[in-house]
Protein chains: 4
Amino acid sequence: MPDLDQILQEIAVEMAAEKDRGRVASYIPELGKVDAAQFGIAVAMNDGRVFTAGDVQKAFSIQSISKVFSLTLALGHVGDALWRRVGREPSGNPFNSIVQLEHENGIPRNPFINAGAIVVADILLEGHEPKEAIGELLRFVQYLADDASIHIDRSVAASEKATGFRNAALANYMRAFGNLRHVPELTLGVYYHFCAVEMDCLQLARAGRFLAHGGRHPDAGHSVVSGERARRINALMLTCGHYDGSGDFAFRVGIPGKSGVGGGILGIVPGVASLAVWSPGLNENGNSKLGSRALEILARRMNWSIFAPRN
Amino acid sequence: MPDLDQILQEIAVEMAAEKDRGRVASYIPELGKVDAAQFGIAVAMNDGRVFTAGDVQKAFSIQSISKVFSLTLALGHVGDALWRRVGREPSGNPFNSIVQLEHENGIPRNPFINAGAIVVADILLEGHEPKEAIGELLRFVQYLADDASIHIDRSVAASEKATGFRNAALANYMRAFGNLRHVPELTLGVYYHFCAVEMDCLQLARAGRFLAHGGRHPDAGHSVVSGERARRINALMLTCGHYDGSGDFAFRVGIPGKSGVGGGILGIVPGVASLAVWSPGLNENGNSKLGSRALEILARRMNWSIFAPRN
Amino acid sequence: MPDLDQILQEIAVEMAAEKDRGRVASYIPELGKVDAAQFGIAVAMNDGRVFTAGDVQKAFSIQSISKVFSLTLALGHVGDALWRRVGREPSGNPFNSIVQLEHENGIPRNPFINAGAIVVADILLEGHEPKEAIGELLRFVQYLADDASIHIDRSVAASEKATGFRNAALANYMRAFGNLRHVPELTLGVYYHFCAVEMDCLQLARAGRFLAHGGRHPDAGHSVVSGERARRINALMLTCGHYDGSGDFAFRVGIPGKSGVGGGILGIVPGVASLAVWSPGLNENGNSKLGSRALEILARRMNWSIFAPRN
Amino acid sequence: MPDLDQILQEIAVEMAAEKDRGRVASYIPELGKVDAAQFGIAVAMNDGRVFTAGDVQKAFSIQSISKVFSLTLALGHVGDALWRRVGREPSGNPFNSIVQLEHENGIPRNPFINAGAIVVADILLEGHEPKEAIGELLRFVQYLADDASIHIDRSVAASEKATGFRNAALANYMRAFGNLRHVPELTLGVYYHFCAVEMDCLQLARAGRFLAHGGRHPDAGHSVVSGERARRINALMLTCGHYDGSGDFAFRVGIPGKSGVGGGILGIVPGVASLAVWSPGLNENGNSKLGSRALEILARRMNWSIFAPRN
């Protein structure tokens, strides 16, 4: 096996030297003021070892990466009934497109675009107060990462809400089709708090371990989800995890991944490792520019593509 | 390892008993008259062993599965320049949609929808007579399967041409944007002959082996494509290989696959096996209904999903 | 000239006998409970005579017909600058489509679809409290009809608000593009009150007279709008006044008209008459079924089509 | 009545001085080489008088204006059955869009966009050789204008065919839905010859007279079409005659009109006059830039808008 530690250090050096770092999301001040010069990467191997490089303990807003955790939780609540309200196909459209909803009667294409994750939040709100639903997701992430210090940045959630007219459009639109059960404001409030979870690369890589372990929590030993469900979540991450750049990410990197507009990406190498990378500048599809590149290099050098024969 | 031979026999028995077999494609008589009761499956293991069950030596029209072979060949001709004329993203639309072409200036979303494969045919026609381009593809498939008896059913190609108004629309439309270099009739003639290749499950499984072997031809020993290119073709098969049912196929089956309207599916388990299944009845997305189900059962019982930890 | 009074009576008799009356809008209880058996028609001739037949003094919710009055008022406020925020083309889509907004950056196609009228309401809200903007529109309609008894049914406005998720989607979506200046809830509140104006056929026909008089108020004598503006509002009514049935209405009836989901239609014969018809049952495009038919018969018998030589 | 002759001369002078004349269509050499400096206008009054100014006897390619004549002829052949294959609504899309066809199953929105006119040509081809169908249309236009010298420029038709991939896409697409009865090549051949009719402003204004005369041929005395059909064709010209600029033309000019990419526009003032204007430079919607402006000025000064009270 190649020297993973050295590879990560080399990647960090290469990324530090990169001039064109993409554009930091600026639609809310909390994201806009983040320094684009940062880069971190963490790998939690299935054998328990952890490797890191760069700004690996700098917390960032996980944003859409939370969609992986909320989906997992919602599947636990309602099982495959969830798929009556959300599809499983790549969208072929930007992350916040509303066109598809009109053509497909308010059923979002998958749980990793905004509309789909809003439905997922609506499911988690069922029978609960918003505060409870938010608390449940936070505790779930803390449990997955085995780290009670993970928290939500409420100012991010508040800013999202104040500027989130497009999400409000999506939510109201789905409500018009009967695919939201709660008042859009409540569901959106929950959704925005999910997006506002703050984690660093180390915490994020640890939180993703169950997906690399066939559904089991490596510390707790028991199953978070069944092996089949873990496979399926990985499959969804691969086909839909990078919005309208998912095909390209699969083509270049070749591992299931979920990106967030805060610049983070969670990647899974089934049976091998959970990884997290972070660099705030985004490419034209809204995915971390250097994060994507770093994962491409790492997957190639480690032969981690799920599309390659394993050694 | 589970007893693969027994599993295949059980699957064949289960499929034989299935009442709801989907609908056989009927847009041309050559496909419409195929008996829906048939089912075959073949597995070419990377270690050289071959397992089969059912109607495994009955030739069928591979149709869109040919898109895998023509793409591989065209990448050999022009390399990554191909991606300036064809995208790499799932389409989010039916296989023969023209809407996306209007919105994206005549650049098809990926090489596995009709429009994309027509561009690929146009590339293979460059500098050649149609007859030569068709011959090259046929010889390539014969070489991959190591079987010179594979042939093209010219009556299928002729019927496709006679009824292929929607493909003619796609070709003319792309030509209007300058994304075809030849007269649409010529390019379409080549494309239709590619689709009309006849193979049985055994031949098809053998033809796909290079993708399970990291790009190498297991008999010839040398590389058909580089390991990176094999990975990338597998990735495209996973994200785009089943039209607007690609996400669902990844979710349920979890291996790269490419389906054809003749009822065949080619599946790849990188490092493990190349597989082919055939049953002529189609589901609502135009993919083999029993073929998809058979692969789902097989992948689960063999733990072949690329999204699962390997044993 | 044909005997208008007799024609109207004959039309009313014919409509009373009609079995297939369309479907009454049922998305709010206030509309759903209206008796579909009703029909009324009123004609305010430019020479001052008024002709009526049927349920002509039964008040109904004018709904989208209010878009004519709010547009007229908003043009008075901001003049042609309004056209920087709203287009002037038929939409080619249902009245509440959001697809077009995504493709055209939040600029609605015309002021007579919901999205366009919401922008118009937003303009009228500029510098005012919602209450003031609502009062201004009501007083304007009262002035046009010369009837201070016209009022707003606040329970209709409240019901619209409670169920108007699709309009909320439109408003939030346009706000995301910066094409609303106020909080969507406020703008929508104003919009819903505009829609909830109650009028009978007689009042409505009188309110439309200025458009048949080249912009002048026939009682007050002075101009409501310039002759050019009156022409242009008439043109918009013709090309966009019946949603995605505007072309058919122009084809069959041949006069500028604006329909509302309450079953009313305002029609203008420039230089000749303003007319109002009402029957609550709607056709598949959301326009009054019998109202459209009655206007078709009336226009034919009176030779009132603007596409015909006048006698 | 204003002095029409003087108004036309003033308009011609104003247009001659105009710097920004739009862009001449250049997709075929026959159109691309036309001198943009030209401008002509002709008015055939219902009382028989004719007024002209500018380059009024310079023949140009009438292009899409032929759609008015072919529609009239096809309605004579099959009557209202035509409307089962073509709609009557504005398209809300560019003239050569294919998106709408996919969403509406191959039924074009109206007979004045390319797809609709191709269906109309297909109807006229029914039971005839292409040569006969082309001859019938030409003789019809000659009869309407009372001028046997009107001819077709076959080199224009040939160039259209050689470059008309987008129209070929439309035709093949509609054929795929069964909405063409003939081989696309044949129907397109007929369509292109219709577009290639050459006329000057004087001839064109004369050819449109029947639409200003309630359907009657002013020379022959008898009816070309019924009064109702003339009204309806005028209505279609108003709502659909300028592609996705129809709403704006109605708003600004206010008379039924049909434009062609050769720079001509036919306008109808029912009961008053038929007019033709020509200037080869086009605006962003593909309509004559100066021609539209000239008609706007003329209609305003003559009070010819059908949306205004007549004097």
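The values are calculated or read from the model by the stated rules, or taken from the named source; none is laboratory data. These figures come from a predicted structure and were not determined experimentally. Every residue, glycine as well, gets a Cβ built from its backbone with ideal geometry; the counts of neighbours run over all protein chains shown.
Might you let me know whether region C:174-188 holds any residue that is under 21 Å from the mean Cα position of the chain (by Cα), closer than 25 Å to A:Ala168 by Cβ and crowded, with 24+ Cβ neighbours inside 10 Å? The answer is yes, given that some residue of region C:174-188 is under 21 Å from the mean Cα position of the chain (by Cα), closer than 25 Å to A:Ala168 by Cβ and crowded, with 24+ Cβ neighbours inside 10 Å. Please verify whether region B:137-149 includes one or more residues that are buried (at least 23 other Cβ atoms within 10 Å of the Cβ) and of a type in the set (S, T, N, Q). Within region B:137-149, none of the residues are buried (at least 23 other Cβ atoms within 10 Å of the Cβ) and of a type in the set (S, T, N, Q). Return the pair list, or none, for Cβ contacts closer than 8 Å from residues in region C:209-232 that are within 13 Å of another protein chain (Cβ to nearest Cβ) to residues that are aromatic (Phe, Trp, Tyr), at least 6 apart or on different chains. Sorted first by the residue in region C:209-232, then by its partner, the pairs are C:Arg216/C:Phe210; C:Pro218/C:Phe210; C:Val225/C:Phe210; C:Ala230/C:Phe210; C:Ala230/D:Phe307; C:Arg231/D:Phe307; C:Arg232/D:Phe251; C:Arg232/D:Phe307. Selection within region D:258-272: residues that are of a type outside the set (A, V, I, L, M) and within 14 Å of chain C (Cβ to nearest Cβ). The member of this set that is nearest to D:Leu295 (Cα to Cα) is D:Gly267.
Among residues of region D:283-299 that are touching a residue at least 60 places away in the same chain (Cβ under 8 Å), those with a beta-carbon under 6 Å from a residue that is part of a helix (DSSP H, G or I) and of a type in the set (A, V, I, L, M, F, W, C) at least six positions away or on a different chain give the pairs D:Leu290/D:Met15; D:Ala294/D:Ile11; D:Ala294/D:Met15; D:Ile297/D:Ile11.
Scanning region A:51-81 for residues that are touching a Lys or Arg at 6+ places or on another chain (Cβ under 8 Å) and not hydroxyl-bearing (Ser, Thr, Tyr) turns up A:Ile65, A:Lys67, A:Val68, A:Leu75. Scanning region A:216-231 for residues that are surrounded by fewer than 23 Cβ atoms within 10 Å (Cβ to Cβ) and either in the same structural domain as A:Asn110 (by TED's automatic domain parsing) or not β-branched (Val, Ile, Thr) (or both) yields A:Arg216, A:His217, A:Pro218, A:Asp219, A:Ala220, A:Gly221, A:His222, A:Ser223, A:Ser226, A:Gly227, A:Glu228, A:Arg229. The single condition among (1) in contact (Cβ under 8 Å) with a residue 12 or more places away in the chain; (2) on the phi < 0 side of the Ramachandran plot that C:Pro309 does not meet is (1). Return the residues of region C:17-39 that are of a type in the set (Gly, Ala, Ser) and under 17 Å from C:Asn283 (Cα atoms); say none if nothing qualifies. Of everything in region C:17-39, those that are of a type in the set (Gly, Ala, Ser) and under 17 Å from C:Asn283 (Cα atoms) turn out to be C:Gly22, C:Ala25, C:Ser26, C:Gly32, C:Ala36, C:Ala37. For region D:234-254, the set of residues classified as at the interface with another protein chain (Cβ under 7 Å from one of its Cβ atoms), of a type in the set (A, V, I, L, M) and more than 15 Å from the chain's Cα centre (by Cα) consists of D:Ala250 only.
Select from region B:20-51 the residues that are of a type in the set (S, T, N, Q), in contact with a helix residue (DSSP H, G or I) (Cβ under 6 Å, 6 or more places away or on another chain) and in contact (Cβ under 8 Å) with a residue 24 or more places away in the chain and list them in ascending order. Matches in region B:20-51: B:Asn46 only. Among the residues of region B:81-92, those that are within 11 Å of chain A (Cβ to nearest Cβ) and more than 16 Å from B:Asn105 (Cα to Cα) comprise B:Pro90, B:Gly92.
Of all residues in region C:37-55, those that are surrounded by fewer than 23 Cβ atoms within 10 Å (Cβ to Cβ) and more than 27 Å from C:Ile113 (Cα to Cα) total 10. Within region C:246-263, the set of residues being in contact (Cβ under 8 Å) with a residue 40 or more places away in the chain and either touching a strand residue (DSSP E or B) at 6+ places or on another chain (Cβ under 8 Å) or within 17 Å of C:Ala145 (Cα to Cα) (or both) comprises C:Phe249, C:Val253, C:Ile255, C:Pro256, C:Lys258, C:Ser259, C:Gly260, C:Val261, C:Gly262, C:Gly263.
For region C:275-311, residues that are out of contact with any strand residue (DSSP E or B) (no Cβ under 6 Å at 6 or more places or on another chain), buried (at least 24 other Cβ atoms within 10 Å of the Cβ) and assigned to a loop (DSSP other than H, G, I, E, B) total 3. All told, A:Ala235 falls short of being touching a residue at least 24 places away in the same chain (Cβ under 8 Å) and of a type in the set (Gly, Ala, Ser). The set of residues from region B:60-85 being assigned to a helix (DSSP H, G or I) and among the hydrophobic types (A, V, I, L, M, F, W, C) comprises B:Ile65, B:Val68, B:Phe69, B:Leu71, B:Leu73, B:Ala74, B:Leu75, B:Val78, B:Ala81, B:Leu82, B:Trp83. Among the residues making up region B:176-191, those that are within 14 Å of chain D (Cβ to nearest Cβ), without any contact (Cβ under 8 Å) to a residue 60 or more places away in the chain and either of a type outside the set (Val, Ile, Thr) or closer than 21 Å to D:Glu102 by Cα (or both) are B:Arg181, B:Pro184, B:Glu185. Here A:Gly87 passes the criteria (1) out of contact with any His (no Cβ under 9 Å at 6 or more places or on another chain); (2) over 30 Å from A:Met45 (Cα atoms); (3) at pLDDT below 95 except the one numbered (3). Per the conditions (1) within 30 Å of C:Gly135 (Cβ to Cβ); (2) outside the structural domain of C:Arg181 (by TED's automatic domain parsing); (3) of a type in the set (Lys, Arg), the sole criterion not satisfied by C:Arg85 is (2). Residues in region A:103-113 that are buried (at least 21 other Cβ atoms within 10 Å of the Cβ) and out of contact with any Phe, Trp or Tyr (no Cβ under 6 Å at 6 or more places or on another chain): A:Pro108, A:Arg109, A:Asn110, A:Pro111, A:Phe112.
Applying the criterion of at least 3 residues that are among the charged types (D, E, K, R) and farther than 30 Å from A:Arg88 by Cβ to the helices (runs of 4 or more DSSP H) found wholly in region B:86-188 leaves B:130-145, B:154-163.
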